[in-house]
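Engineer: Quick one: this structure, given as structure tokens, is what I'll be asking you about.
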Amino acid sequence: GLPSRSPRQQEMDYDPGILAVPRRLFSQNYVDGGCQGDPPKNTTTDDTLGCYATNYLILVIGVLAACAFVRARERLERAGASGVERGLAAAYAAFFALTGLGYGAAGVLHHRFALAAPGYWAAAYVVVLLGNAGLCGVGALLTRGDAPSTKWKLGVAATALVNVAVILLVAATQNMLACGVFTAVTLLVMIGVWGKHAMRPCGCGEAAGLDLARACCKGARVCVAGAVKVAAGVVMIGGMLIQVALADVCGDPGYEDCWEDCPLPDPMEFNHNALFHALYAAGLLALAVGVLCDTADSWTATKEPTDPAKELERV
């Protein structure tokens, strides 16, 4: 016969394993019984291990990357670097820090407070959107040019207004879809910005003042780093699209038929949300590596000030 369960395991309707943390997503008894009838009450909230563990992974990557960019900005400050360089480091730091903190907060909610009021979830989404605003700042600085044009200034103003509007919308409606769509659109625009950088000629003549071997090495590194940033954005957007595509068959709607059509092997432990988070974390890490590699020369300087015009030409 079936092994007996302790009274606490029967109350929780699943085996908590080594974590011993009560879970409310999906009844094991209901699934073992072939998903007959309506699901038990309060068993469709995503607090699976795969979901919140990958949230925490994004938190760790975001915070560590932000620390690296904060230190880079301090070095730039000591070197008397241009405002553009310092602004880029600060904007990247804000993006990584707030993105990590937003996803980390969502991880805590999934993990321990999955039935929390919608306002708590909205707060996590807003933090992510504030990080997204940091990435918009990166885009603004990378497209600034030596003499900012009126068109550029209007574009920055419009971007700022859109950021504020989306943040207010998400705060008022707890609309995760609006948060995801705006983040994806921002990443798509940034892919174009990073792609323009990656497609620049990678010849030896790009690093004036360097010997031939160093010039060739630097030119190739800049191109590879730009390609890595583009690939990182594609992976992050791809994770979002996969999450949406699998939501019906691997998420709550698929619960009623035991996820018969879900391609993932065990949606009760690693579902579409976990897959999205894993891909997003991989893209976030690759983006950090790409940016730091691309700016290795200027952002590690400690003595000589950087020429703003040359830096604007690089990025």
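The values are calculated or read from the model by the stated rules, or taken from the named source; none is laboratory data. Worth saying up front: this structure is predicted, and the values here are computed from it rather than measured. Backbone-built Cβ (ideal geometry, glycine too); neighbour counts: all protein chains shown. Surface areas here come from the heavy atoms of the whole protein model, side chains and all, with no ligands, DNA or RNA. Shrake-Rupley method; radii C 1.70, N 1.55, O 1.52, S 1.80 Å.
Engineer: Quickly rank 106-113, 164-171, 27-34 as a protection proxy: mean count of other C-beta atoms within 10 Å, highest first.
Structural biologist: Numbers: 106-113: 19.6, 164-171: 16.8, 27-34: 14.6.
The densest-packed peptide leads the list: 106-113, 164-171, 27-34.
Engineer: Leaving out ligands and nucleic acids, note down the accessible area per residue over region 85-175 with a 1.4 angstrom probe, in whole Å². Walk me through the numbers on the way to the answer.
Structural biologist: Details: 4060 Å² over 91 residues.
Value returned for region 85-175: 45 Å² of accessible area per residue.
Engineer: Checking a compactness column here: for region 42-90, what do you get for Rg(Cα) / (2.2 N^0.38 Å), N being the number of residues? Write out the running numbers ahead of the final one.
Structural biologist: Values: Rg = 17.8 Å, N = 49, 2.2 N^0.38 = 9.7 Å.
That ratio works out to 1.84.
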